[in-house]
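So the structure is just underneath, and the comments pick up after that.
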């Protein structure tokens, strides 16, 4: 699809590029963002059947199940298959991290999360802006960039001055570009594209997940049987399921 210089799609692309640039410049202007003290301290440290931090660890299982199902549902989409694979990686990486929280294990946790963000953004832009976003070269470049964002943080930590800005850029860029594109009402390029209602649901679930992450101790104090961090995992998994169900329904239209 070739857009004229005055087309809404081209104007929308420029707006999305400006949003991405604004986020990058804001992070640069902010200065280094270190990992905050107490990051590895979670409200719920209860064990179960020999498993440490059992609820935070076991609540990663839905990511693996949804990722395995999504891999099959997204059989014709390289971007959504990459997203499904990243979910499986997130299940194992996060479980490893919650087994023994620490910076080394956190690398295994953050890498697949960064991959999932990159694949999700490529999938969305491929459906709303330009199909080339879901091509193998572009997707590969996005995944490499996501990997580098985690590597930059880790190398900085090794030298005593870790900086999360690159990782935060990768993680939050989709959460800015997706609603921006939806608010501009950029049309789907294919009839099997994920609908706007699904995307708004996913954004709401992800926002709720981040809120639960911040309110980890507060939720645990109020509920006692579970913590905010566990609910964060479950809400994020439901968001991923919503996306991949829509991908599966779209595949039936082809």
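The values are calculated or read from the model by the stated rules, or taken from the named source; none is laboratory data. Predicted, not measured: the structure shown is a model, and the values here were computed from it. Quick reminder, even Gly has a Cβ in these numbers, built from the backbone with ideal geometry, and neighbours come from all protein chains shown.
Of the residues 12, 70, only one is touching a helix residue (DSSP H, G or I) at 6+ places or on another chain (Cβ under 8 Å), modelled with pLDDT under 95, surrounded by 17 or more Cβ atoms within 10 Å (Cβ to Cβ) and more than 28 Å from residue 152 (Cα to Cα); which?
12
What's the number of the condition residue 191 fails, among (1) surrounded by fewer than 21 Cβ atoms within 10 Å (Cβ to Cβ); (2) in contact with a helix residue (DSSP H, G or I) (Cβ under 7 Å, 6 or more places away or on another chain); (3) under 16 Å from residue 246 (Cβ atoms); (4) at pLDDT below 95?
Evaluating residue 191 over (1) surrounded by fewer than 21 Cβ atoms within 10 Å (Cβ to Cβ); (2) in contact with a helix residue (DSSP H, G or I) (Cβ under 7 Å, 6 or more places away or on another chain); (3) under 16 Å from residue 246 (Cβ atoms); (4) at pLDDT below 95 leaves (2) as the failure.
Within the range 129-138, is even one residue at negative phi and surrounded by 23 or more Cβ atoms within 10 Å (Cβ to Cβ)?
No - not one qualifying residue is present in the range 129-138.
May I ask you to verify whether residue 80 is within 25 Å of residue 175 (Cα to Cα), modelled with pLDDT under 95 and either more than 19 Å from the chain's Cα centre (by Cα) or in a helix (DSSP H, G or I) (or both)?
In short, no.
Can you tell me how many residues within the range 149-180 are outside any helix (DSSP H, G or I) and free of Cβ contacts under 8 Å to residues at least 12 places away in the same chain?
Here the count works out to 2.
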